[in-house]
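Here the structure comes first, spelled out in structure tokens, and everything after it is commentary.
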Amino acid sequence: MIASYFQDRKMTMSSRYDFPTFASRAWKRIKPGLVHGLTMTASVFLALYIAFELQIDDPSWAGVSAGHTILPALGSSLNKALYRVIGTVIGAAATVVLTAMFPQSRLGFLTGVVVWVSACGFIAVFFKNFRAYAAMLAGYTMAIIASDTVGTPDKVFEVAIARSAAIIIGVLCATLVQGLSDFGSARHKLTDGFAEIVADIQKTFVGWVANPRTGTATKALQSVIKRIAALDTVLDDAVGESSELRRRSAILHQATVAMFGAVSSWCTLEAYLARGSAGEMRATLNAVQIVVAPTPAGRTWADLRDDWAKRAMELGQLPSRDISVRVVADAAGEVALRLSDAANGLVLLTDPARAIASRQQVCQPIAQVGPAFINALRVAASTSAAVLLWIATAWPNGLSAITFAALIPLRMSGRPPQVASGFFFGSILAAVAAAIVQFAVLPNHDSFLALTILAGAVLTIFAAMSQISDSWGIFRPAAVMYLPLLSLSNELSVDTIAFINNAVGILAGCAFGALAFRLLPNIDAATQSLRLRELMWRDLRTLAAHAQDTHSLNRWREVTFARLLALPASATAASFEHIHMIYEVGFCIGQIGRWGKPRQITSIANAIVALIRGEITLARQMLRGLDDTRVFNPTDQAALRTQGAIRGLRQRIEAHAAAPIGRGLS
């Protein structure tokens, strides 16, 4: 037995430390990073070669632009390239206009620069994804051009053309190289992610109907929101890779909102049934069993979409004389309808010809203004500090400090302070590497091929490490800052003083940016959550005033979805539940607006105003009066739906009466 044990132990250890297995695992780990590093290096030095051949003034910006544009995913790089060009053109044009406004006033010109980059910093957080990136580039471009023309305003047009040309060359080279080396896989990843979420929603819902338990739907909703948020970047990548997906992106947006809508309707169903006994819950569910029959396997997403849409229609037309059955049937039908919309997104990804056009316009509501305002102040403080330093000292390289003092907070928009600090330390690492290459490697080699191989090796290592292991957050900044610090030109020269001055100017700008993040940190999670709840109450009042609008419920669903996505990762579960409770109140109001009579809608609007003011007792009395005095025909399905929505509204307010709700209550 002992001999057998040691023999098994020996076999286990030999398989664990088998070199081919180890090498295979290591290669699998480093391959994506190495490919990314080589792609970035090829893009950068192709851009540099073209800029050298065209004799562009300060060609290093072509390489910097290519390095900024390259991302690990093809779709992200393509989107980034498009918005980089847009932002560059806007920034260059704005610089020319600003110079024309203040041709003889250096103070007025620099003040205009600070205002412009601050506005770009605001927009960079106010919007999201690559639209925000265009704002960043508009700010970058003005800072770059302004630093070269503040002393020679008469040359602003020539400098703007040269810098814009260099940046666009870098963008085109990055797009070309990555397009040839990466065929894109984001569409498959998005398909798998969507399919898993939709299948899990249906499976969990079916399991809940078979064995209903309170709290299941809320946990499922939190999980769905997190998974959709994780797929946000993949969705952008997929849209960037495919012109068809870009043209029909409204279907994908509708699919993500529909996933949220399906689970939210399940929450409504769960909350309504929780008011009764287990026997009553079971009996009511049995009355609408049609919606929860397991879907046969082996069917296409188009078939499943049509099947769920058919079930939703059947439930909506289900005759009933009981309020509970009517409410549960409608809620279950809403689950089926939203699953159908989500499946339509999968049809677009797998069989585009059978996808149905979106029934509504894409509305991407803005979550909150506070973080955008903080970022604008941060950009203004960093840039102003560098401007004042340059004015006070007349330091020749203070202009470089101004450029990068604006660049760092713009590039780090919306990030935590430690990321900006990592960028500063990554810049120091890049400066050390650039010094070694500049003084110890390049002096003995004067060909462009040697430059590409020797200087490119360092860039490849930094870019690869940024994807393999960058827990300190320094390798990506090192890859980005390496070329500005190396400061390559048409004629290679070794000038120690010039290199040191350039490096100190760049690092001083990075230090100003990192310090601005420390002095003006992001709004804490509790404050952001409170602000989001206040915005939800404000939007609820607007919804109550326009409850009869046929599109109000769709807009309300999208607004809530955006708010939940905007919740900080560290937000409490109570904040999540509070926002969703407000959504359920709004959903009931929308239902009343759709099926109720004008008198009821007016009373509901007044009750919501009282609720928002904190007059909870008055709001309860107004709703109780509608519930208790209403006499209706039990065969009138609209009346049943209205009464069910009123009871649901009362139930939610009663359930959360002890919770701090309403304006002025936190």
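The values are calculated or read from the model by the stated rules, or taken from the named source; none is laboratory data. All values derive from a computational prediction rather than experimental measurement. Note: ideal-geometry Cβ built from the backbone for every residue, glycine included; neighbour counts use all protein chains shown. Just the protein is used for accessible areas: all its heavy atoms, side chains included, with ligands, DNA and RNA removed. Shrake-Rupley method; radii C 1.70, N 1.55, O 1.52, S 1.80 Å.
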Span per principal axis, largest first, for the Cα atoms of the chain (Å):
92, 82, 52
Give me the net charge of residue 549's neighbourhood, meaning all other residues with Cβ under 15 Å from the Cβ of residue 549; Lys, Arg count +1, Asp, Glu -1.
+2
Over the range 299-450, what is the mean sequence separation of C-alpha contacts under 8 Å (at least six apart), divided by residue count, expressed as relative contact order in percent?
16 percent
Whole-Å semi-axes of the range 522-566's equivalent ellipsoid (Cα gyration tensor)
24, 11, 5
Return one number: the angle in degrees, 0 to 90 and rounded to the nearest 10, between the long axis of the Cα atoms of helix 156-181 and the longest principal axis of the Cα atoms of the chain.
70 degrees
Average accessible surface area per residue within the range 373-514, 1.4 Å rolling probe, Å²
40 Å²
Can you sort 213, 624 by 1.4 Å-probe accessible area, starting with the largest?
213, 624
Ordering 27, 390 by accessible area with a probe of 1.4 Å, largest first, what comes out?
27, 390
Based on the alpha carbons, how large is the Rg to Rh ratio for the range 427-495 when Rh follows Kirkwood?
0.99
Would you mind checking the tilt of helix 129-149 against the longest principal axis of the Cα atoms of the chain, expressed as 0 to 90 degrees and rounded to 10?
30 degrees
In a shell of Cβ-Cβ distance under 11 Å around residue 133, excluding residue 133 itself, what net charge do Lys and Arg (+1) and Asp and Glu (-1) give?
+4
Work out the FRET efficiency for residue 565 and residue 444 from their Cβ-Cβ distance, taking R0 = 60 Å, and round it to the nearest 0.05.
0.65
How big is the gap, in Å, between the Cα center of the range 434-470 and the Cα center of the range 187-266?
44 Å
May I ask you to compute the full-extension gain from residue 391 to residue 105, defined as 0.36 nm times their residue separation minus their alpha-carbon distance, rounded to one decimal in nm?
101.6 nm
Given a 1.4 Å probe and every protein chain left where it sits, what share in percent of the accessible area of the chain is carbon and sulfur?
62 percent
Pop the C-beta distance of residue 303 and residue 373 into the FRET formula with R0 = 51 Å and round what comes out to the nearest 0.05.
0.55
Determine, from the Cβ-Cβ distance of residue 244 and residue 606 and an R0 of 41 Å, the FRET efficiency 1/(1 + (r/R0)^6), rounded to the nearest 0.05.
0.25
Taking 0.36 nm per intervening residue step and subtracting the Cα-Cα distance, what contour gain separates residue 489 from residue 436 on full extension?
17.4 nm
Cross-link reach from residue 219 to aspartates and glutamates, straight Cα distance under 17 Å and at least 8 residues apart if same chain, gives 196, 200, 270, 577, 584
What order do you get for 85-93, 169-177 when each peptide is scored by the mean count of other beta carbon atoms within 10 Å, highest first?
169-177, 85-93
Translational diffusion coefficient, Stokes-Einstein: compute it for the range 200-279 using the Kirkwood radius over C-alpha pairs as Rh, at 25 °C and 0.890 mPa s, and state it as an integer in µm² s⁻¹.
173 µm²/s
Give me the distance in nm between label points sitting 7 Å out from Cα along the Cα-to-Cβ direction at residue 538 and residue 613, one decimal.
2.0 nm
Rounded to the nearest 10 Å², the accessible area of residue 453 at probe 1.4 Å:
100 Å²
Between the range 33-67 and the range 107-122, what is the separation of their alpha carbon centroids in Å?
29 Å
Given a 1.4 Å probe, the accessible area of the range 41-185 per residue, as a whole number of Å², is 39 Å²
Using the Cα gyration tensor of the range 460-539, with a ≥ b ≥ c the square roots of its eigenvalues, what is the shape: rounded (a/c below 1.5), prolate (a/b larger than b/c) or oblate (neither)?
prolate
